[in-house]
1. Can you find a residue that is under 23 Å from residue B:227 (Cβ atoms), touching a strand residue (DSSP E or B) at 6+ places or on another chain (Cβ under 9 Å) and within 9 Å of chain A (Cβ to nearest Cβ) anywhere in region B:114-130?
2. Can you confirm whether residue B:83 is touching a Lys or Arg at 6+ places or on another chain (Cβ under 9 Å), part of a strand (DSSP E or B) and within 28 Å of residue B:263 (Cβ to Cβ)?
3. Using the structure shown, decide if residue C:259 is more than 20 Å from residue C:55 (Cα to Cα) and more than 7 Å from chain A (Cβ to nearest Cβ).
4. Return the only residue of C:152, C:136 being of a type in the set (Val, Ile, Thr), in a helix (DSSP H, G or I) and away from chain A (no Cβ under 14 Å).
5. Could you grab me the full set of residues in region C:170-181 that are surrounded by fewer than 24 Cβ atoms within 10 Å (Cβ to Cβ) and either at the interface with chain A (Cβ under 10 Å from one of its Cβ atoms) or over 17 Å from residue C:125 (Cα atoms) (or both)?
6. State whether the residues of region C:208-221 include one that is surrounded by 22 or more Cβ atoms within 10 Å (Cβ to Cβ) and of a type in the set (D, E, K, R).
7. Select from region B:212-227 the residues that are in contact with a strand residue (DSSP E or B) (Cβ under 7 Å, 6 or more places away or on another chain) and in a helix (DSSP H, G or I) and write down the one among them that is nearest to residue B:22 (Cα to Cα).
8. Restricting to region B:153-172, name every residue that is away from every other protein chain (no Cβ under 13 Å) and in contact (Cβ under 8 Å) with a residue 24 or more places away in the chain.
Amino acid sequence: MSKYIIRRLIQAIPVLFGITIVVYAILLAAPGGPTARFANNPKFTEADREKFKKAWGLDQPIPVQYCRWMGICNPENEGLAVFIGSTGWPAFLPTSISGTTNGLLHGDLGVSIDTGEAVASRIARAALPTFILAGNALVIWILVALLIGVYAAIHRYSLFDQAATVFAYVGYAMPTFWLGIMLIFLFSGPGLNILPAGGMTETRLSPPFGSDTYWPYFAANPATAIVDIVKHLILPVFTLVVVNIAGDSRFIRSSMLEALGQDYVRTAKAKGLPVRVVIFKHALRNALLPVVTNIGLEIPFLFTGAIVTETIFSWPGIGRMTIEATRSFDYPTLMGLLLITSALVVLANLIADITYAIVDPRIKY
Amino acid sequence: MSASMAAPGLLADRPANDILLDVRDLRTYFHVMDGTVRAVDGVSFSIRRGQTLGIVGESGCGKSVTALSIMRLLDIPPAEIASGEIIFEGRNLLKLSEDEMREVRGNDIAMIFQEPMTSLNPVFTIGDQIAEAVMLHQGLSRKEAWNKAIESLKAVGINNPERRVKQYPHEMSGGMRQRVMIAMALSCDPKLLIADEPTTALDVTIQAQILELIRMVQDETGAALMLITHDLGVVAETVHDIAVMYAGRIVEQGSVDEVLLSPKHPYTEGLIRSIPSRGMRGQRLNVIKGTVPNPFNMPEGCNFAPRCPYAFEPCWTLDPQIEEADPPDVACWLYTPAPGFLAPKRGAQRVAGELASGIRS
Amino acid sequence: MTPVQPGSEPDIVDLIRKEGAVDYEVGLESLNQWQLAWRRFRKHRLALVGLGILIFFIAVAIVGPVFMPFEFDVIPSPDKIVYQGRPPSLQHPFGETGGLQRDVLLLVINGARTSLFIGFSSMFIGVVVGTVVGSVAGYFGGLVDNVLMRIVDVMLSLPLLFVILVASRFFGNGNVVLIIIIFGLFSWMTISRLTRSLFLSIRELEFVQAARAVGLSDRRIIFRHILPNAMSPIIVSASLLIAANIIAEAFVSFLGFGVNPIYPTWGNILSNALTFIPLGNWWWPAFPGLAIIFTVLAVNFIGDGLRDALDPRSKE
């Protein structure tokens, strides 16, 4: 097993490498770029522009920029010496040998053009709100999808099943952002103003989440702070849940139906087992096998899929950061986000496969 | 125990209370989108304690549905048991509550299915699957049930049962899995064992072993056996009595010797003729012309008439019932005078002995 | 073995007819496979409803702007300042937006044109690229197959929504054609995998071997012999791709990275709706969203129907 995991991780490296090249090419080949932000600033001269580009290394050819980002090139040197780190060893070697500290190979994701902050810490700061939102949504949606899917499968063609089918079709066709907007209109609009329209905390009461003053505030009145966050969570979590259970409940239903139609379920009934045992032991256990994989694969997309939800509900997480960075051509931040989400996809694939091997005795690696 | 082997086929010799299962006029219909399929359409038979009964027929003739009706394992809807009684040890199974029926399933009546590859749950160990029924029906502890599982695996000739019991189904061959199914069926000492095509999915060499095993355990435990198959050879080897089904009805019944050596019903005759035998080398195989009638559109008169080489006038209009025959062993106007028609054109004088001997050899 | 009984033959024919098997047997002379598929498709009621809805939307997209012209570059002069927009009324059945006070019905009708155009044409690009890549990989195998499938792996490992978003922002420039190309170029991978697997199985069949033995060119074998037999599952996937692309376009345009707002799409109409939440302009986002939902529902129903009609073996 561990051999298999290691092999899979090693296989993932070239894939991730390929991804960084593809995306770097897309990003930097594009017209415009970070200087577009100064387009409407009359005081920003051509000279300033050149200075800005040079400061961020944007004046270099794309391959050089990519190599700098990876940590193969040392931006402090010129000519062929760019490949040499401060100790005289090639720059791509580990920091302890080459003395190079910048670049992905040395664990550095660069600096955000927008904020001047290290990309890694910027992402880390946004990760917590995203995990709070996505985690809650994931748990609720899996539970609800399981309930709906299993119940609909057991009572196939019942009124409930038909309602679930309609709901799934509509939920599947419904764009996330539309649901989000309509929910805000409904619950935060002028009519029924009972839930906050966005953000993570009530600005009049609490410091912004994650700021220096937030945690002391949280420690001082934890109950108020938690209730505050929960209130802000309701709409975005509901949005994510509705959109995602549509597909998943159908998937669980058909998986459960398939299991219920299997010969071994008939065998279990023929043994005289109670319906409860037949359904929840024999059928459900098998029906969950494909579901486990499916959910595993969905987790990273929750990370990116929350882009819309976070934007609509001004949730200070990864998704909203993605939009901001895209809007302002903040290459280092985008590359960092992309790398982490891609790594999550690869990792989730692996975890899904491993989980599958654990829950299904037929699979061996 | 082996008293059951004494005199097969002689219903009259037996006291009535010796009847274990009595199926009377069972009708099981399926209501599907295109209409109603009368899968079982008035089937009656009985099985005495320790008796072995083979039910033979083409696929789709209703033999499996009969078995599933007895076990009440059909999904209702689309299935419907429209009428009939299934008396098991004096109780009508069709009138039992679901909970009472569960007590019967696996405990009094056990069933072996056709597909050993898919009939075991892939995610639980063999031991777990045998033990859960034992725990349920016999109230044994987990440990005792586990030991019982090992015992029954040993009884069906599985080597090293202590190790096998911890294995998953996918670690076993088809024949081995069918042995496990048999062990599972026997683990609660059922009074009736229903085997639905137990060897069809297996290799020929394994088939013989499994049949031998079923015969052996049936003999040892004294359970009655209802063997469902399309293979006359299997029946001839394993059971003493036989019922031939066609299109949801029993068309002929009797002891194996009677039915196979001197078949009455033209369908039985056709079935026997269609078995290849060594004496027929170089000849064309006899087949029954045509196909099973469309379940949505059963022919008027005898269901078999469109395929029957001997069909005459009453066959196209009147439906022969096995109950009306005397003795009630065949449903055919060749043997029972049809009301308003002359005596049967052909009697029972057809000699099929040489045909049947091909099976027995 | 015995003389035929009168009446037996009609029964068997009857049986076949009732079973529905006759579609193949008798139909061979009169119906080709597409006519047969249409017969099966017609039995799928929801698919017919979906087809009706889709045709309606397409008609609206083509004809609508002719009857209800909409000047995008002219900001309508409000008869009086109604900053918060106006709810649905007889004159404006879908209401008017806040801000520029546009008629929502006109926006939706004009949006239909762009959104459907993007959905269909990006699907077309995706299917062409996917089919070509999959055919080549599946037919030739070996190194070509390996390289192409690794590219597919990399593309599928991308967080696609994210990349499409970034690419649309960086390259799209609000240009409809560029957006279509971007969507097309990021939606061919599943089709290519499907095509490849179909090719792998079909190329081993006898008639392909025969075609090869006769000495037909690879191109002819691929396009005349294998591809037609692989068409059904590809068409089914393609229909679902339309729905996916319509939603994705709406998503990207809603975020402001897609089509320039002077060409309304069902996504970019909504971009500004969020700022009007405090004013309660529910009709502004509601109708474009419903248009998306109905279109996607319709396309999905059609996809289900096509699956049943073209690929009867596959189940849910």
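The values are calculated or read from the model by the stated rules, or taken from the named source; none is laboratory data. Keep in mind the model is a prediction, meaning the values are calculated, not measured. Glycine also receives a Cβ, built like all others from the backbone with ideal geometry; neighbour counts cover every protein chain displayed.
1. yes
2. Details: touching a Lys or Arg at 6+ places or on another chain (Cβ under 9 Å): yes; part of a strand (DSSP E or B): yes; within 28 Å of residue B:263 (Cβ to Cβ): no.
So residue B:83 fails the test.
3. Working: more than 20 Å from residue C:55 (Cα to Cα): yes; more than 7 Å from chain A (Cβ to nearest Cβ): yes.
Yes.
4. C:136
5. Those that are surrounded by fewer than 24 Cβ atoms within 10 Å (Cβ to Cβ) and either at the interface with chain A (Cβ under 10 Å from one of its Cβ atoms) or over 17 Å from residue C:125 (Cα atoms) (or both): C:170, C:171, C:173, C:174.
6. Of the residues in region C:208-221, the ones surrounded by 22 or more Cβ atoms within 10 Å (Cβ to Cβ) are none.
The answer is no, given that none of the residues of region C:208-221 is surrounded by 22 or more Cβ atoms within 10 Å (Cβ to Cβ) and of a type in the set (D, E, K, R).
7. Going through the qualifying residues, I end up with B:218.
8. Within region B:153-172, B:153, B:155, B:156, B:157, B:158, B:164, B:165 meet the criteria.
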